[in-house]
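Coordinate-derived values only; no laboratory data. Everything numeric in this text was worked out from a predicted model, so none of it was measured. All Cβ positions, glycine included, derive from the backbone under ideal geometry; neighbour counts span all protein chains shown.
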Amino acid sequence: MIVRFSDTEHWHISPVAQPETIEVSKSLSCMCGEAVFTDYKSFEIIGYTCTQSGYMIVCECSKCGDKYRQHIQTTGRNDIELFKKELAVILHLQTKFP
Ligand SMILES: [Zn+2]
């Protein structure tokens, strides 16, 4: 899917295969504890997945290399447009703070 922040800024984000094999993070960051969600260079978004509880992003930790997935919304988790909007902001911030 295409995630658009502005007319000039957009990304292609792919669904991840076998997302159930990837651990869910409840802390908004990698379970290794070395990375934090607000540190935009501590993780890379490698895809997304749609689960029974809604859309999630799939990340790869820049510190330990583990993959994990997480919700980025507290409400409207099944709303694809809202998900794309939230995701666009994160991707945009990652380019601002590389
Ligand atoms: Zn990690």
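Extension gain, THR74 to SER6: 0.36 nm times the residue separation minus the Cα-Cα distance gives 22.1 nm. Only Lys, Arg, Asp and Glu carry charge here, each on its Cβ (+1 for the first two, -1 for the last two); on that basis the range 1-91 has a dipole of about 100 debye about its Cα centre. Calculated [222 nm] ellipticity per residue, helices only, for the chain: -6000 deg cm²/dmol; basis is -39500 (n - 2.57) per DSSP H run with n ≥ 4, divided by all residues, nearest 500.
Based on C-alpha pairs under 8 angstrom that are at least 6 apart in sequence, the chain has a relative contact order of 27 percent.
In the calculated pair-distance distribution of the chain, the portion above 21 angstrom amounts to 27 percent of the Cα-Cα pairs. Shown is the FRET efficiency for MET31 and LEU93, computed with R0 = 22 Å from the Cβ-Cβ distance and rounded to the nearest 0.05: 0.50.
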